[in-house]
Each structure stands twice: as structure tokens, then as C-alpha cells.
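Trainee: Could you have a look at this structure, given as C-alpha cells, before my questions?
The values are calculated or read from the model by the stated rules, or taken from the named source; none is laboratory data. The structure displayed is predicted, hence computed values, not measured ones. Here the Cβ is made from the backbone with ideal geometry for all residues, glycine too, and neighbour counts use every protein chain on show. For the accessible areas, the whole protein counts, side chains as well, though only heavy atoms, and no ligand, DNA or RNA atoms are used. Shrake-Rupley method; radii C 1.70, N 1.55, O 1.52, S 1.80 Å.
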Amino acid sequence: FALRQSLSLLMALSNLRALSILPLLPPLWILCQLLSNDLGRIRGVDDTTKEGAAANATTSSVGAQLLVFLALGILGHVGTHRLIPSIKYYMLKRGICGKDLGKKGTKSENDDVPESLGIVSGAIFLICLIFCLVGFATNHPSKLLDLNSALLSICFMLFLGFTDDVLEWPWRYKLFLPSVASLPLLCCYEGSRSVVVPIPLRTYLMNDGELTAFGRLLCLFVVVDENADGSIVNLGLFYLVYMGLLAVFCTNAINIYAGINGLEVGQSYIIGCAVLFHNLVEIEAGSLSRENHVFSAMIMLSFLGVSLALLRHNWYPASVFVGDTYCYFAGMTFAVVGISGHFSKTLLLFFIPQIINFLWSTPQLFKLVPCPKHRLPKFNAQTGLMEPSKINWGKTEMVNMTLINLFLQILGPMSEQHLCIVLLVFQTFCCALGLYFRYNLAQLIFD
């Protein structure tokens, strides 16, 4: 009953502008706090000394950069919002459009909806990032190669997504090409390839200062740091393989967790807010990886700007479809910040719903159970509500194995807009849970 009451309250507050600002409030609060602290430090610094001048330049530099990146994100939002109505006309003219399968049985079931409008947000994002390159490279020349490799990887996936919308690539190419797109990032990666072993598992690697049998076996493939008493393992090449697989997962995880208006962009927007919050917390705390988090925040501010603009057009009832173009673009953007920002493991904490959806969908994805082309929920024209879609497996009828259908099974039929809101609230909760684990529970498992 309490869950139903909470959902009813959310439905009453289903205005897009009101809902979209909520995930952005925590990072904006941290950003304002960061700028306020920087101004306070600047006023307290004695500018007559060399040390004071250096501290003044250091404290003001990050704050000024973040303000510029925020301004570019706002400009990206405005540009994307104004350009989409013009581009969707050309998409319709060229026949790059489709039908909304969630509107069957209604007056709008035969209306053409322009597709692949993720190309607009992706193109504006790249323009913003190119302008960011000028200022960021001036203050952080060592990160110029990372920025160029990020641009190359994102641009490649944007191109792949658009061609997939037009040509409909087979799944074998969709799994292979993201790995190729991540190669520029992996070639430029200069961070650690070691991982910290959870405290409960260290006894399996070393005991009383000696490697265990399992530890010696593991040393055939990786390096167990005996000086650290088995708390650190250098994965070497396997760490690069892991990051390549991360790029494949991020791009496809968003793509298969889709099918209703606003879900693809909405989940990406919420994950982006969580990533930005994490970056700003680390910047404010003076993390050793502060430069990497500034780099990630720069990318996220532009990404959130263009994504929020696209969401305004893709929200129910959608006037445009984002297509695989946006899913691949968003997924590779997250992979870029996770790899270049050196927080790939933290990034996965924000993908909890996508991981659940992937695991739940595994029997269909690996053809153990029949998998139709579209597994989105079924629209009941008589009730106006979305219901779980079903397939026939021999003599058995079963529900398509997606998280969207699972929510409908648990909570019952609901409208498409309300279903999207529920899924995005769950995404927000999981991101908050991931942040709580990262900053409060991780110290119980790691040193």
C-alpha cells in the first residue's frame, strides 16, 4: 500500500521539468559549494607572496574551468533543443522514421515518428567538447591525448549508431565494433592496472606471508603483490581486456533496456548526474585523481546539457525517437569517463538496473528461450495501459524477460508515462545506493 501511495504521488508530480531537475540538484549543490570554497580560499590567500599567488591560481583555476564547462553545457542544451525540430523534418523527408509500437489501437498508431535524433545531441556534444578542448588543454596539457582519444571513440560510436539505425547491423557487429572504438582509449591509458582485493578474499591468495596454492596458480596469469600481503593484484593485459568489455557492456546495456518513450535518455541522464556528483565530490575532497575528475566533469556537463534537451522531445508522447545512435553515443561516453577518469569500477555501481536487466534477459539473449525482435510491453488500447508482452515457447506462454516487463508483472498494468517514471525512480535509487556503497560501505570491504 505504501508503495502504491508513493507511486501515486510521483504520478501527480509527473511534470518533466520538475522531475528532470531532481537528479541534477545534488551535483549542482556540490558545484556551488565547491565554487564558494574556492572563493573563500582566494580571499584568504596573501597575494603578495609567491606561495599565495600559486595557491590563488590553483584554487581559482578549477572553479573557473567548471563554470566555463557549465556554460558550454547550457549552450549545448539550447542548441540541441532548437535544432531538433529542424532536423526531424529532414528525417521525415528522407524516410528515416518509424511507428510507435506503444500506440497500437490509438489514433496515432500510423503516425510517422522521426528516428535517430540522437545524432543531433551527439553532434552538438562533440562541438561542445571541441571548444572544451581549447581551455582544458591549456590548463592540463598532459590530458590532451586523452581528450583526443575520447573524441575519436565517441565519434566512432555515434557513426556506428546512426548507420545501425539506417542499415540495421547484425548483433555480431554490435558486439565487436564497440571494442574497436575503445582502442584509442586503451592505447592512451596510463593509469594503474592493479585492483585492490577485498579483505575477506585475501586469505585465499596469501596466508602467513606465503602464497597459497590458489595464489601461486593465479601468478601464472597475473602478478600478486607479496609485499602488500596479497591486497593488490596487477592484472596487466587482462585489465585492458576488462575495460574493452566495459565499453561493449555500456553501449549495449542501454540499448537493450529500452522500448518506451523517454527511457533511454532518462536513464542516461540520471547516470550522468550520478557520475558528475561523484566527480565533484572527489574534486572538492582534493583527490589524488583530481585532474581526471575535472576531465570527466567537463564531459558530463556537456552530455547532460544535450541529453536533457533531447529528453524534452522524447518524453511521452514522444515527437522523436533517439534510436541506437543515442544509445551507443551515451554508452561510449560513460565508458570514456570511466576509463579515462580511472573509476571504471565505481561506474558499474550506477549501472545496477542495466546489470539486472542483462542478467534477467540472458536466456533470451543467448537463444535459450525464443527472443523476438521487439520485447517491449504490450499496449492495451481498451484500458490505455501497458501490460507485459508474452511469447509462446512450445506449449507454454511466458513473459518476455526484461526488467520493464518484470516491473509490470510486480506492480500491475500502468500507463507508458507512469511506467517510465517508475523505472527512472528505480534508476535514481540504484545510483544513490551505488554512491552510498562507494563512500560508506566500501571501507568495510577494502582498506
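Trainee: Across the range 273-319, what is the total count of residues that are in contact (Cβ under 8 Å) with a residue 60 or more places away in the chain, under 26 Å from E190 (Cβ atoms) and of a type in the set (S, T, Y)?
Mentor: Residues in the range 273-319 being in contact (Cβ under 8 Å) with a residue 60 or more places away in the chain, under 26 Å from E190 (Cβ atoms) and of a type in the set (S, T, Y): 1 in total.
Trainee: Among what's in the range 252-276 and is among the β-branched types (V, I, T) and buried (at least 22 other Cβ atoms within 10 Å of the Cβ), pick the residue that is farthest from A330 (Cα to Cα).
Mentor: Going through the qualifying residues, I end up with I260.
Trainee: Which residues, taken from the range 224-264, are polar (S, T, N, Q) and more than 17 Å from L205 (Cβ to Cβ)?
Mentor: Correct list: T251, N252, N255, N261.
Trainee: Can you tell me which residue in the range 349-377 is nearest to C187 (Cα to Cα), limited to those that are open to solvent by 10 Å² or more (accessible area, probe 1.4 Å) and in contact (Cβ under 8 Å) with a residue 60 or more places away in the chain?
Mentor: Going through the qualifying residues, I end up with L349.
Trainee: Kindly establish whether S192 is open to solvent by less than 30 Å² (accessible area, probe 1.4 Å), farther than 21 Å from I254 by Cβ, out of contact with any strand residue (DSSP E or B) (no Cβ under 7 Å at 6 or more places or on another chain) and among the polar types (S, T, N, Q). Give the steps one after another, and end with the answer.
Mentor: Numbers: open to solvent by less than 30 Å² (accessible area, probe 1.4 Å): no; farther than 21 Å from I254 by Cβ: yes; out of contact with any strand residue (DSSP E or B) (no Cβ under 7 Å at 6 or more places or on another chain): yes; among the polar types (S, T, N, Q): yes.
Against the criterion (open to solvent by less than 30 Å² (accessible area, probe 1.4 Å), farther than 21 Å from I254 by Cβ, out of contact with any strand residue (DSSP E or B) (no Cβ under 7 Å at 6 or more places or on another chain) and among the polar types (S, T, N, Q)), S192 does not qualify.
Trainee: Can you find a residue that is more than 29 Å from Y239 (Cα to Cα), among the aliphatic types (A, V, I, L, M) and buried (at least 17 other Cβ atoms within 10 Å of the Cβ) anywhere in the range 126-143?
Mentor: Within the range 126-143, none of the residues are more than 29 Å from Y239 (Cα to Cα), among the aliphatic types (A, V, I, L, M) and buried (at least 17 other Cβ atoms within 10 Å of the Cβ).
Trainee: Which number in (1) open to solvent by 30 Å² or more (accessible area, probe 1.4 Å); (2) closer than 30 Å to L92 by Cβ; (3) touching a residue at least 40 places away in the same chain (Cβ under 8 Å) marks the one condition that D164 misses?
Mentor: If we test D164 against (1) open to solvent by 30 Å² or more (accessible area, probe 1.4 Å); (2) closer than 30 Å to L92 by Cβ; (3) touching a residue at least 40 places away in the same chain (Cβ under 8 Å), just (1) comes out false.
Trainee: Same structure again: Being farther than 22 Å from P353 by Cβ and touching a residue at least 12 places away in the same chain (Cβ under 8 Å) is the filter here; which residues of the range 391-427 pass it?
Mentor: Residues satisfying the conditions are I391, N392, W393.
Trainee: State which residue pairs qualify: first residue in contact (Cβ under 8 Å) with a residue 12 or more places away in the chain and over 18 Å from L31 (Cα atoms) and inside the range 65-88, second residue part of a helix (DSSP H, G or I) and open to solvent by 30 Å² or more (accessible area, probe 1.4 Å) in any location, beta carbons under 6 Å apart, and separation of 6 or more residues or different chains.
Mentor: Hits for this filter: H77/L308.
Trainee: Taking the condition of being open to solvent by less than 60 Å² (accessible area, probe 1.4 Å), touching a residue at least 40 places away in the same chain (Cβ under 8 Å) and out of contact with any helix residue (DSSP H, G or I) (no Cβ under 6 Å at 6 or more places or on another chain), how many residues in the range 433-443 meet it?
Mentor: 1
Trainee: Condition first: buried (at least 18 other Cβ atoms within 10 Å of the Cβ) and within 12 Å of L22 (Cβ to Cβ). Now tell me which residues in the range 405-426 satisfy that.
Mentor: I421, L424
Trainee: So for the range 306-316 (the condition being within 23 Å of G434 (Cα to Cα) and open to solvent by 10 Å² or more (accessible area, probe 1.4 Å)), does at least one residue qualify?
Mentor: Going residue by residue through the range 306-316, those that are within 23 Å of G434 (Cα to Cα) are 307-308.
Okay, now just the ones that are also open to solvent by 10 Å² or more (accessible area, probe 1.4 Å), so 308.
Within the range 306-316 (the criterion being within 23 Å of G434 (Cα to Cα) and open to solvent by 10 Å² or more (accessible area, probe 1.4 Å)), the answer is yes, since at least one residue qualifies.
Trainee: Return the only residue of F303, F249, F295 being under 24 Å from F131 (Cα atoms), among the aromatic types (F, W, Y) and either open to solvent by 20 Å² or more (accessible area, probe 1.4 Å) or at pLDDT 95 or above (or both).
Mentor: Answer to the check: F303.
Trainee: Could you check the range 202-229 and list, in sequence order, the residues that are open to solvent by 90 Å² or more (accessible area, probe 1.4 Å), hydrophobic (A, V, I, L, M, F, W, C) and without any contact (Cβ under 8 Å) to a residue 12 or more places away in the chain?
Mentor: F214, L217, L220
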